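The values are calculated or read from the model by the stated rules, or taken from the named source; none is laboratory data. What you are looking at is a predicted structure, and each value in this text was computed from that prediction instead of being measured. Here Cβ is always computed from backbone atoms with ideal geometry, including for glycine, and neighbour counts include all displayed protein chains. When the accessible area is computed, the model is the full protein with side chains, heavy atoms only, and any ligands, DNA or RNA have been set aside. Shrake-Rupley method; radii C 1.70, N 1.55, O 1.52, S 1.80 Å.
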Amino acid sequence: MEDQDSNPAKEVARDVFPFLRVYKDGTIQRLVATESLPPGLDSETNVVSKDVVIFPETGVSARLYLPDDEPISRKKLPLVVYYHGGGFFAASTASREYHSALNRIVAASNVILASVDYRLAPENPIPVPYDDAFAALEWIAGAGGGSEPWLRDHADLDRVYLAGDSCGANMSHHFALKLSGSGRALRIRGVAMIHPYFWGKDPIGAEVGDGFRKAMVDNWWLFVCPSEKGCDDPLINPFVEEGNGSGLQKLGCERVIVVVAGDDILKDRGRLYYEKLVGSGWKGKAEYLETEGKDHVFHIIQPDCEEAKTVFKRLGAFFNDEP
């Protein structure tokens, strides 16, 4: 992608800080999570991975992760379907940050994990990322996955978890609602929502005194979903419908963990989600974990820090139904 600094005449049409720029000639310059790593054996964690194309017509794929001794043991493991963050317009399953962090999550959790590579906005505007991600879930945890040896031999389809960070957590929430009472055979045991990307037009909590970051996050959502509802679109603000209850009591799973970071501008939305879930009448078990002194998706950016290791350990306990 051409660097603006090498061509001063190139004019910026839209700056979506800090993720990307759109130029007036239609060029899109992505600025974060642009370095890719191939799948394979990770020597630090002893986790092995490979890429699987799910829908050749769209290019939707998944990177599968498995503890390296599992091909020998043939043990059935919890299946975690993971959605990466990036505001719906950045990152991929191959991004260095995600590949490194997911290797560590799998090592800490002893699960088989499928990281979904959905198409990104603005080239593929919302709802395309949601549609891709949900179709991939149905394939991975359904009949399609039966054609993939790692999924067929190692995935326990009675223990399927959704997980994701930022916009990936947002999608996990919507999919758990969509599956509730849908009549689909697919059943979700639990949802791990890490630094969930929910928002709203009116500021709450720390957003009230932080106009810069409030405007920044407003800009992210309005860029990928320029609907007339703005930041109160139900996709990004799950509390604007059904009397502010959002139907959380219908969430189609038994367990939820909400993980937030103390310095994250999205923290108050994550805490609100947890509180409303607990008070909704939902019959499942909800957990909450807050990491003080850390910012949004720190566990992806700094997967070897002690706080990230604590998050990974807690996720491992969650995926394995441990208290």
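When DSSP beta bridges are restricted to pairs lying wholly in the chain, around 45% turn out antiparallel. Span-like helix criteria (full DSSP H runs; alpha carbon extent of at least 15 Å along the helix axis; mean Kyte-Doolittle hydropathy of at least -1.0) are satisfied in the chain by 96-109, 128-140, 167-179, 211-224, 306-319. In Å, what Kirkwood hydrodynamic radius results for the chain from the alpha-carbon pair distances? For the chain, the Kirkwood estimate is 20.0 Å.
Annotation: PHE19 carries an accessible surface of approximately 30 Å², with a 1.4 Å probe and no ligand, DNA or RNA atoms counted. Please go through region 275-311 and write out the trypsin sites (Lys or Arg not before Pro) that DSSP classes as loop and that have at most 13 other C-beta atoms within 10 Å. In loop regions of region 275-311 (DSSP not H, G, I, E or B), the sparsely surrounded trypsin sites (Lys or Arg not before Pro) are LYS283.
Other residues with beta-carbon under 13 Å from the beta-carbon of ALA261 carry, at +1 per Lys or Arg and -1 per Asp or Glu, a net charge of -4.
Net charge dipole, the chain: roughly 900 debye, given to the nearest 20, about the Cα centre with Cβ charges of +1 for Lys and Arg and -1 for Asp and Glu. Excluding ligands, DNA and RNA, the accessible surface per residue across region 1-154 is 42 Å² with a 1.4 Å probe. Using the Stokes-Einstein relation with a Kirkwood hydrodynamic radius computed over Cα pairs, the translational diffusion coefficient of region 211-322 at 20 °C and a viscosity of 1.002 mPa s comes to 136 µm²/s.
Here the mean projected area of the convex hull built on the C-alpha positions of region 134-192 is 4.0 nm². Taking a straight Cα-Cα cut-off under 26 Å and skipping sequence neighbours fewer than 8 places away in the same chain, the lysines within cross-link reach of LYS309 are LYS50, LYS75, LYS76, LYS267, LYS285, LYS294.
Each principal axis of the Cα cloud of region 58-182 was taken in turn, and the coordinate range along them, longest first, works out to 43, 36, 23 Å. Looking at region 181-268, the trypsin sites (Lys or Arg not before Pro) that sit in a DSSP loop and have at most 15 other Cβ atoms within 10 Å of their own Cβ are ARG184, ARG187, LYS201, LYS229. Taken per residue, the accessible surface of region 197-246 reaches 47 Å², heavy atoms only and a 1.4 Å probe. Here the chain exposes an accessible surface that is 51 percent carbon and sulfur, computed with a 1.4 Å probe and the other protein chains kept in place.
Over the chain, dividing the summed -39,500 (n - 2.57) contributions of all DSSP H runs of at least 4 residues by the number of residues returns a 222 nm mean residue ellipticity of -8500 deg cm²/dmol. Its alpha carbons give region 196-241 an Rg and a Dmax of 10.0, 27 Å.
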